[in-house]
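What follows is a set of notes on a single structure, which appears directly below.
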Ligand code: CO8
């Protein structure tokens, strides 16, 4: 599939999707988010793909939604057109794991896109922010909701109300990113993490993703029950027998996603 604003490579079992609007620091247009939604949906359907990595350039993961595009829009355009809703919901619906590999700016919609992924690996040069307040607007695809869940109320308020940028070290300290790696090693580290995930049973992997996400949707008691029932259900899989047998026989497991 030929895309205009993203590049998709499938290496072994990992789909690597690179945002590719270098002249606009990968600003998110409807076309870009539409293509991204299509690419991740295809990756979901492709049996060969077991993990997805979304990345940008060294200078910018994405510097936000496209301000030139939005500057022409009215309330009715955004409301009736349901701006970015279908595409971002499609990305959030993907059941395979998605890693955001972030270098440079991840601002506004760029930070929000990174937070739609399952976890974020940042390079030392990454800068996160929700600067929509500087444009007389506010975050619209998760910057007040997901960021508050990632970093808590105080920092989410600070980031959204002041529009300041957070560097990689602060982002790791407050739990926005899972790890920080040297800028030149970002893709190597992200692909290594993706390949590690790809080597596991997809049944476990997809159940874990669903279960962790429940933690942000339901009360603890319901989440624990959901987790426990999924755990019980693992005992209906061949991969459970294989994983435990391999441990006891001191060998690598051969998972078959069954
Ligand atoms: N949109 C469009 N173009 C952009 C954007 C953007 N978000 N960011 C950068 N660009 C363009 C610049 O206009 C410039 O283009 P040109 O060369 O043609 O003038 C090019 O990219 C390079 O940018 P700069 O020259 O500004 O590069 P600097 O290194 O000087 O600065 C910054 C980099 C600090 C990242 C700066 O570009 C900047 O502040 N960008 C805007 C950041 C921002 O405000 N982002 C939030 C946007 S609003 C948003 O994301 C809302 C999301 C919610 C949508 C909800 C829908 C329901």
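Per the Debye formula on identical point scatterers at the alpha carbon atoms of the chain, with no solvent, log10 I(q)/I(0) at q = 0.08, 0.12, 0.15, 0.17 Å⁻¹ is -0.33, -0.74, -1.11, -1.36. Of the three principal axes defined by the Cα atoms of segment 116-235, the extents in descending order read 52, 37, 22 Å.
Please state the relative contact order of segment 137-258 as a whole percent: Cα pairs under 8 Å, 6+ residues apart?
Averaging sequence separation for qualifying contacts and normalising by length gives 16 percent for segment 137-258.
Ranking of 111, 174, 51 by neighbouring Cβ atoms within 10 Å, starting from the fewest: 174, 51, 111. Neighbour counts of other Cβ atoms within 10 Å put 66, 23 in the fewest-to-most order 23, 66.
Report the equivalent ellipsoid semi-axes for segment 22-117 in whole Å, largest first, defined as the square roots of five times the eigenvalues of the gyration tensor built from alpha carbon atoms.
Rounded to whole Å, the semi-axes are 23, 17, 10.
Under a Gaussian network description of the chain, with springs only between Cα atoms under 10 Å, the residue in 170, 238, 31 that fluctuates furthest is 238. With the cut-off at under 19 Å, measuring from each backbone N in segment 27-45 to a point 7 Å along the Cα-to-Cβ line of residue 93 picks out 30-45. Of all DSSP beta bridges confined to segment 1-74, the antiparallel ones make up roughly 50%. If you stretched the chain out fully between residue 250 and residue 68, how much longer would it get, using 0.36 nm times the residue separation minus the C-alpha to C-alpha distance? Once the chain is fully extended between residue 250 and residue 68, it gains 59.7 nm. Rounded to the nearest 10 degrees, the angle from helix 153-162 to the longest Cα principal axis of the chain is 30 degrees.
When 166, 1, 70 are sorted by how many other C-beta atoms sit within 10 angstrom of their C-beta, beginning with the fewest, the order is 1, 70, 166. Full extension of the chain between residue 232 and residue 18 yields a length gain of 73.3 nm, computed as 0.36 nm times the residue separation minus the alpha carbon distance.
All alpha carbon pair distances within segment 66-129 were sorted into 10 Å bins beginning at 0; the resulting P(r) in whole percents reads 19, 41, 31, 9, 0. For segment 1-130, the relative contact order comes to 25 percent (Cα pairs under 8 Å, sequence separation of at least 6).
On a 0 to 90 degree scale, rounded to 10, what angle separates helix 238-248 from the longest Cα axis of the chain? Tilt relative to the chain: about 70 degrees.
Largest GNM mean-square fluctuation across 75, 150, 216, computed for the chain with C-alpha springs under 10 Å, falls on 75.
Across the chain, the relative contact order, built from alpha-carbon pairs under 8 Å that are at least six residues apart, equals 16 percent.
Calculated [222 nm] ellipticity per residue, helices only, for the chain: -13500 deg cm²/dmol; basis is -39500 (n - 2.57) per DSSP H run with n ≥ 4, divided by all residues, nearest 500.
Of the DSSP beta bridges with both residues in the chain, give the percent that are antiparallel, rounding to the nearest 5.
30 percent
Treating the angle as unsigned and between 0 and 90°, give the value, to the nearest 10°, between the Cα long axis of helix 202-214 and the longest Cα principal axis of the chain. That works out to roughly 50 degrees.
Read-outs throughout are calculated quantities, based only on the coordinates presented, and are distinct from any laboratory measurement. All values derive from a computational prediction rather than experimental measurement. Virtual Cβ from ideal backbone geometry, glycine too; neighbours counted across all protein chains shown.
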